[in-house]
Amino acid sequence: MTRTARTFADRMAQRRSVRAFSADPVPLDVVEQAVRAAACSPSGANLQPWRFVVVTDPDRKRQLRQAAEAEELEFYTRRASAEWLAAVAPMGTDWQKPFLEHAPVVIVVFEVHQGPNTPKPYYVKESVGIAVGVLITALHLCGLATLTHTPSPMRFLNEICDRPAEERACVVMPVGYPADDVTVPRLTRKALSDVLVRR
């Protein structure tokens with residue numbers, strides 16, 4: 001058990017968010033199995049309030065990028081606080097999101113709320129958050145890279161992904177292999193002793 005836990009932790013310690021993707025196609029059956037794993041996550045009252053939209057169509061990805069960049073430009077130039085901009089400066093991010101078009105796959109994760117054909121769900125954000133964590137883990141263990149992107153507001157995603165009003169996008173995840181020349185910020189993670197408390 002200890003060896004399994006250590007091996008898993010070591011694999012996850014290598015995970016990095018990637019913002020530049022290779023154009024090489026990824027096996028869609030691998031993506032589907034990663035979504036299957038995420039859909040096994042625990043959820044409030046077992047109502048499974050999630051929808052995973054896998055986008056591969058180039059025109060749809062282009063629309064997604066254009067709409068997301070319009071929101072991000074507004075955010076970065078008008079709505080973001082100086083404190084927030086300073087916090088993300090080491091990541092090198094800005095309003096431009098080419099990965100939304102260049103990654104071979106983009107997964108848009110929606111929260112499913114009460115609607116004409118859906119019961120009232122409980123603990124939606126918590127449930128979907130757990131599922132997203134499992135999805136990130138599954139993709140990483142399969143050798144694929146991803147990133148959690150959260151443009152705000154995200155209502156434009158309902159139209160692009162053909163989803164009903166009771167579904168609300170919560171995260172956009174480009175998926176693929178890292179580009180050959182990809183760079184990532186040199187970040188450190190907190191030590192286990194800083195995050196683990198024993199009583």
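The values are calculated or read from the model by the stated rules, or taken from the named source; none is laboratory data. Keep in mind that this is a model prediction, so the values were computed, not measured. Here Cβ is always computed from backbone atoms with ideal geometry, including for glycine, and neighbour counts include all displayed protein chains.
Scanning the stretch 28-77 for residues that are acidic (Asp, Glu) and in a helix (DSSP H, G or I) yields Asp29, Glu32, Asp59, Glu69, Glu71, Glu72, Glu74. If you filter the stretch 1-17 down to residues that are among the small types (Gly, Ala, Ser) and not in a loop (DSSP other than H, G, I, E, B), you find that the one that is modelled with the lowest pLDDT is Ala13.
Checking Glu83, Glu101 one by one, the residue that is touching a residue at least 24 places away in the same chain (Cβ under 8 Å), at negative phi and among the acidic types (Asp, Glu) is Glu101 and no other. Here the condition is being in a loop (DSSP other than H, G, I, E, B), at pLDDT 95 or above and either touching a strand residue (DSSP E or B) at 6+ places or on another chain (Cβ under 9 Å) or not hydrophobic (A, V, I, L, M, F, W, C) (or both); of Arg168, Arg189, Arg163, it holds for Arg163 alone. So, in the stretch 104-157, of the ones that are aromatic (Phe, Trp, Tyr) and either part of a helix (DSSP H, G or I) or touching an Asp or Glu at 6+ places or on another chain (Cβ under 8 Å) (or both), which residue ends up nearest to Arg65 (Cα to Cα)? The residue in question is Phe156. Note on the stretch 24-75: residues that are touching a Pro at 6+ places or on another chain (Cβ under 6 Å) and without any contact (Cβ under 8 Å) to a residue 24 or more places away in the chain amount to 0.
Screening the stretch 156-186 for residues that are exposed (fewer than 10 other Cβ atoms within 10 Å of the Cβ) and in contact (Cβ under 8 Å) with a residue 40 or more places away in the chain and picking the one that is farthest from Leu28 (Cα to Cα) gives Asp181. Restricting attention to the stretch 18-27, does a residue exist that is assigned to a loop (DSSP other than H, G, I, E, B), more than 19 Å from the chain's Cα centre (by Cα) and modelled with pLDDT of 95 or more? There is at least one residue in the stretch 18-27 that is assigned to a loop (DSSP other than H, G, I, E, B), more than 19 Å from the chain's Cα centre (by Cα) and modelled with pLDDT of 95 or more.
Inside the stretch 33-60, residues that are exposed (fewer than 14 other Cβ atoms within 10 Å of the Cβ) and of a type in the set (A, V, I, L, M, F, W, C) make up a count of 2. The set of residues in the stretch 78-98 that are over 16 Å from Pro153 (Cβ atoms) and in a helix (DSSP H, G or I) comprises Ala82, Glu83, Trp84, Leu85, Ala86, Ala87, Val88, Ala89, Pro90, Met91. Given the structure, is Asp194 over 19 Å from the mean Cα position of the chain (by Cα) and modelled with pLDDT under 95? The answer is no for Asp194.
Yes/no matrix, rows are residues, columns are (1) surrounded by fewer than 19 Cβ atoms within 10 Å (Cβ to Cβ); (2) not β-branched (Val, Ile, Thr):
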site: Phe75; (1), (2): yes, yes
site: Ala87; (1), (2): yes, yes
site: Gly92; (1), (2): yes, yes
site: Ala103; (1), (2): no, yes
site: Val106; (1), (2): no, no
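Selection over the stretch 7-32 of residues that are within 21 Å of Lys190 (Cβ to Cβ), surrounded by 12 or more Cβ atoms within 10 Å (Cβ to Cβ) and not hydrophobic (A, V, I, L, M, F, W, C) gives a count of 4.
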